[in-house]
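Q: Okay, here's the structure, questions in a sec.
The values are calculated or read from the model by the stated rules, or taken from the named source; none is laboratory data. All values reported here derive from a predicted model rather than from experimental measurement. Don't worry about glycine lacking a Cβ; one is built from the backbone with ideal geometry, like all the others, and counts go over all protein chains shown.
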Amino acid sequence: MESLKLTKAFGAQAADARLDLLNIQRRNPIPHDVEIEILYCGVCHSDLHTARNEWHGTVYPCVPGHEIVGKIVRVGSHVNKFKIGDLAAVGCMVDSCRECEYCKEGLEQYCELGNTGTYNSPDKHLGTRTYGGYSESIVVDESFVLRVPENLDLAAVAPLLCAGITTYSPLKHWNIGPGKRIGVVGIGGLGHMAVKIAKAMGAEVIVFTTSASKFEDARRLGADDVVLSTDNEQMAKYASKLHFVLDAVSAAHDINSYLRLLRVDGSLALVGAPEHPLPVAAFSLIPSRRSFAGSMIGGIAETQEMLDFCGAHQIVADIEMIDIDQINEAYERLLKGDVKYRFVIDMASLRK
Ligand code: NAP
Ligand code: ZN
Ligand code: ZN
């Protein structure tokens, strides 16, 4: 049994409870571990889905947070990638089996035994659940810890660890680049990163939003055109015109109206994970040999590649900084689509 350290955190004790201060146990670093003092943590809509048990399977207490950046404060005896004082980041996974065919290919997110999520996963070391980034520190095996580009604003880097990689990975997988016209649906944390990254990859990007208030921003983020998705006339302009659609919507919506935007052989990749199933009409797919796909975060090497890409292209998230005691209010605003475009918690507010 490993030795433990009492650690301050913020989390939920039940699906209908407000997040509040609580204490958790972290292991002290074992040979390949680093301990990171968390400086900033992004607020992903998945944190809300999980805290409120919308995907079922949440074990309480639940400490969300998987967009973590901070500073290395302790290293285990065998750590060679990091030293005390280095900046470091942790995303959505802290471990995987490391032996299955997917892990060997760098697709740890699709590990046959299931990856160990940064929160609400069985903790292999302590037998409890893993606890995420809404806490003062975290202990992670160095193989699952990322390097942070030094030229970017650290707080605005945090959202890259989930929103960045979750959009970068499918854009790469579907070979998005020059000559491709793509749609991004839902301009929240993920969607706004998708626009920035797809533009940097050289694609033509059309934004589909339910919020007229986001039109100007969509252009500023780099979109070539913006469509109000509730307006059928505006939607008709892009019928059968897109090579690819990335759907980052967090709630129920009509997926068919986006499938119909695809050209022959076009693909729609769903990254948004609404609580309830989305009905798909056969004739949204059949007539143009369209594909309806999904994608989950990205592997560790790919996450590092994405961070380096963002460093080279000066890409960070547009953030609104909050203190930890504003998290419940931030969740309510997320539900209203009222965030431009990612809340990031200043974790110094937990240490006060
Ligand atoms: P977010 O910041 O809350 O953004 C979601 C956006 O969806 C909103 O800004 C809004 O955009 C649109 N939207 C919300 N409710 C809607 C409704 N009822 N009808 C139509 N559009 C609506 O959320 P996020 O953090 O980007 O996450 C988005 C989703 O991706 C969540 O379900 C999250 O759990 C999931 N996710 C999946 C992965 C993965 O690996 N696949 C990783 C991270 C997150 P507009 O105002 O522009 O319409
Ligand atoms: Zn996330
Ligand atoms: Zn595996």
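Q: Taking A301 as meeting all but one of (1) away from ligand 1 (no atom under 16 Å from the Cβ); (2) surrounded by fewer than 16 Cβ atoms within 10 Å (Cβ to Cβ); (3) more than 24 Å from the chain's Cα centre (by Cα); (4) modelled with pLDDT of 95 or more, write down the number of the exception.
A: Answer for A301: the failing condition is (3).
Q: For the range 148-185, give me each residue that is in the same structural domain as Y60 (by TED's automatic domain parsing) and over 15 Å from M93 (Cα atoms).
A: V148, P149, E150, N151, L152, D153, L154, A155, A156, V157
Q: Let me ask something else about it. Is it fair to say P122 is without any contact (Cβ under 8 Å) to a residue 12 or more places away in the chain and either surrounded by fewer than 16 Cβ atoms within 10 Å (Cβ to Cβ) or more than 16 Å from ligand 2 (Cβ to nearest atom) (or both)? Give the steps one after another, and end with the answer.
A: Numbers: without any contact (Cβ under 8 Å) to a residue 12 or more places away in the chain: yes; either surrounded by fewer than 16 Cβ atoms within 10 Å (Cβ to Cβ) or more than 16 Å from ligand 2 (Cβ to nearest atom) (or both): yes.
The answer is yes for P122.
Q: Looking only at residues in the range 243-272 that are crowded, with 19+ Cβ neighbours inside 10 Å and charged (D, E, K, R), which one is nearest to ligand 1 (Cβ to nearest atom)?
A: Step by step, filter the range 243-272, then rank; the result is D247.
Q: Then there's this: Restricting to the range 5-63, and then to whatever is touching a residue at least 24 places away in the same chain (Cβ under 8 Å) and polar (S, T, N, Q), can you tell me which residue is nearest to H78 (Cα to Cα)?
A: N28
Q: Among M306, M201, which is surrounded by fewer than 22 Cβ atoms within 10 Å (Cβ to Cβ) and modelled with pLDDT of 95 or more? Even if it seems obvious, please write down each step before you answer.
A: Details: M306 fails: surrounded by fewer than 22 Cβ atoms within 10 Å (Cβ to Cβ).
Being surrounded by fewer than 22 Cβ atoms within 10 Å (Cβ to Cβ) and modelled with pLDDT of 95 or more holds for just one of M306, M201, which is M201.
Q: Among S240, S229, S213, which is within 9 Å of ligand 1 (Cβ to nearest atom), outside the structural domain of V145 (by TED's automatic domain parsing) and farther than 24 Å from I319 by Cα? Show your work before the answer.
A: Working: S240 fails: within 9 Å of ligand 1 (Cβ to nearest atom); S213 fails: farther than 24 Å from I319 by Cα.
Answer to the selection: S229.
Q: Could I ask something else about it? Report yes if V140 is under 18 Å from E108 (Cα atoms) and part of a strand (DSSP E or B), otherwise no. Spell out how you get there, then give the answer.
A: Values: under 18 Å from E108 (Cα atoms): yes; part of a strand (DSSP E or B): yes.
The answer is yes for V140.
Q: Out of S267, S284, which single residue is over 24 Å from T118 (Cα atoms), modelled with pLDDT of 95 or more, more than 18 Å from the chain's Cα centre (by Cα) and not in a strand (DSSP E or B)? Lay out the reasoning, then the answer.
A: On the way: S267 fails: not in a strand (DSSP E or B).
None of the other options fit; the residue is S284.
Q: Also: Which one of the conditions (1) touching a residue at least 60 places away in the same chain (Cβ under 8 Å); (2) loosely packed, with under 14 Cβ neighbours inside 10 Å does I319 fail to meet, given that it meets all the rest?
A: Among (1) touching a residue at least 60 places away in the same chain (Cβ under 8 Å); (2) loosely packed, with under 14 Cβ neighbours inside 10 Å, I319 violates only (2).
Q: Write out, first by first residue and then by second, each pair whose Cβ atoms fall under 9 Å of each other, whose residues are 6+ apart or on separate chains, and whose first residue, in the range 329-352, is more than 21 Å from V316 (Cα to Cα) while the second is within 12 Å of ligand 1 (Cβ to nearest atom) and assigned to a loop (DSSP other than H, G, I, E, B).
A: Y331/V43; Y331/R52; E332/D338; R333/V339; L335/S250; L335/A251
Q: Report whether or not T116 is of a type in the set (S, T, N, Q) and within 23 Å of the chain's Cα centre (by Cα).
A: Numbers: of a type in the set (S, T, N, Q): yes; within 23 Å of the chain's Cα centre (by Cα): yes.
Against the criterion (of a type in the set (S, T, N, Q) and within 23 Å of the chain's Cα centre (by Cα)), T116 qualifies.
Q: How many residues are surrounded by fewer than 22 Cβ atoms within 10 Å (Cβ to Cβ) and touching a helix residue (DSSP H, G or I) at 6+ places or on another chain (Cβ under 8 Å) if we restrict to the range 325-352?
A: So the count comes out to 9.
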